[in-house]
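Here is the structure we will look at, set down as structure tokens.
Taken together, the values in this text are just the output of simple stated rules run on the coordinates, not laboratory data. Computed from a predicted model, the values in this text were never measured in an experiment. Cβ atoms come from the backbone with ideal geometry, glycine included; neighbour counts cover every protein chain shown.
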Ligand code: TXA
Ligand code: MG
């Protein structure tokens, strides 16, 4: 099977979206743009269709999926929404905030990976919203990459990974945010951050009136995202972080013509490929596509700048750390 690619960059024809919505309703897979990264979508209420997502990505079955809805009221079809849930939706939806809430029985166990909770979000992307609305069902969608690879922020990356594994790809151009949504568990007394992402912890803290429990914290032991256990976002060549003191020593062992650098500050050594971004938001937006592009251009080692924690910096640190094979616990 070769995916049908529909260009929706210059506005969306009703016909194209209706076709995509039909594919979803009939149990097929449609890749669609969101404001964060591209999603690999299936009807969230169709357990068989959802299993195809896991197959296509090579995703471990114990890693649950995010259910996408087109309006806040859609969340009630799949989750029990608390008062706090309603308030968070009102403030942050549509947008890159995923809420983990108690799941309704209609949600297949393939979506929740057998947990009693379900993750739900309403993306801030008109094509995504219209697609979900036309499909008339909630849409389960992980990032549209092969498991472990950098998340796709343009249609080319999707095609590279999944071009022969899905029915349809909607090409909406490069995504705006570039890192995935923030995942917030609101099932407990205090909200717990499971994955930093497009909505900053500062914004959440201001809204909640307290700092959510962070992934490394003692109180967080039983509130983890299964997905954060796995090696993720990794390019095929080694990636080293600039915060690592021995980085320059390690890089010296590669020929300068093979070295690549991504980041905000200029590198202190000689690199054949250099991707500089003006600020942390652009770094987040461009990181995943830069990693894929550097692989294609033949870089053999990548050094990545280490951004500050503010704004989207926390999410970026998390993705960089994982791409380098480590794991990042914010303080
Ligand atoms: O921005 C995004 O969130 C993108 C776009 C496509 O919406 N989606 C995305 O999905 O990043 P995925 O599958 O790559 O990451 C979902 C994360 C995983 O870490 C998973 O473990 C966690 O959310 N998750 C899903 N359901 C959960 C649940 N019930 N409890 C805890 N964590 C959950
Ligand atoms: Mg992912």
- Message: To make sure I understand, if each residue's beta carbon is the centre and we count other beta carbons within 10 Å, what order do 129, 194 fall in, fewest to most?
- Response: 129, 194
- Query: Where is the GNM fluctuation largest for the chain (alpha-carbon springs, 10 angstrom cutoff): 286, 188, 263?
  - Reply: 188
- Query: Fewest to most neighbouring Cβ within 10 Å: what's the order for 117, 182?
  - Reply: 117, 182
- Query: What residue among 72, 315, 217 shows peak mean-square fluctuation when the chain is described by a Gaussian network model with Cα springs under 10 Å?
  - Reply: 217
- Message: Could you sort the peptides 242-254, 200-212, 132-144 by per-residue average Cβ neighbour count (10 Å cutoff), highest mean leading?
- Response: 132-144, 200-212, 242-254
- Message: Please compute the length gained on full extension between residue 77 and residue 265, using 0.36 nm multiplied by the number of residues separating them and subtracting their Cα-Cα distance.
- Response: 63.0 nm
- Based on the Cβ-Cβ distance of residue 133 and residue 300, what FRET efficiency does E = 1/(1 + (r/R0)^6) give at R0 = 41 Å, to the nearest 0.05? 0.35
- Task: Taking the chain as the reference, fit the longest principal axis to its C-alpha atoms, fit the long axis of helix 313-323 to the helix C-alpha atoms, and give the angle between the two in degrees, 0 to 90, nearest 10.
- Result: 80
- Item | Cα-based shape type of the chain, given that a ≥ b ≥ c are square roots of the gyration tensor eigenvalues and the cut on a/c is 1.5 | oblate
- Highest GNM mean-square fluctuation among 278, 256, 150, for the chain with Cα springs under 10 Å, belongs to 278
- Task: Return the distance in nm (one decimal) between the two label points of a simple spin-label model at residue 22 and residue 282, each offset 7 Å from Cα along Cα→Cβ.
- Result: 4.4
- Task: Work out the FRET efficiency for residue 217 and residue 146 from their Cβ-Cβ distance, taking R0 = 30 Å, and round it to the nearest 0.05.
- Result: 0.40
- Message: Only counting other Cβ atoms within 10 Å, I'd like 154, 62, 318 sorted with the fewest neighbours first.
- Response: 62, 154, 318
- Share, in percent, of DSSP beta bridges within the chain that are antiparallel, nearest 5: 40
- Note on the structure: Between residue 109 and residue 310, the two model label points (7 Å from Cα along the beta-carbon direction) sit apart by a distance in nm of 4.8
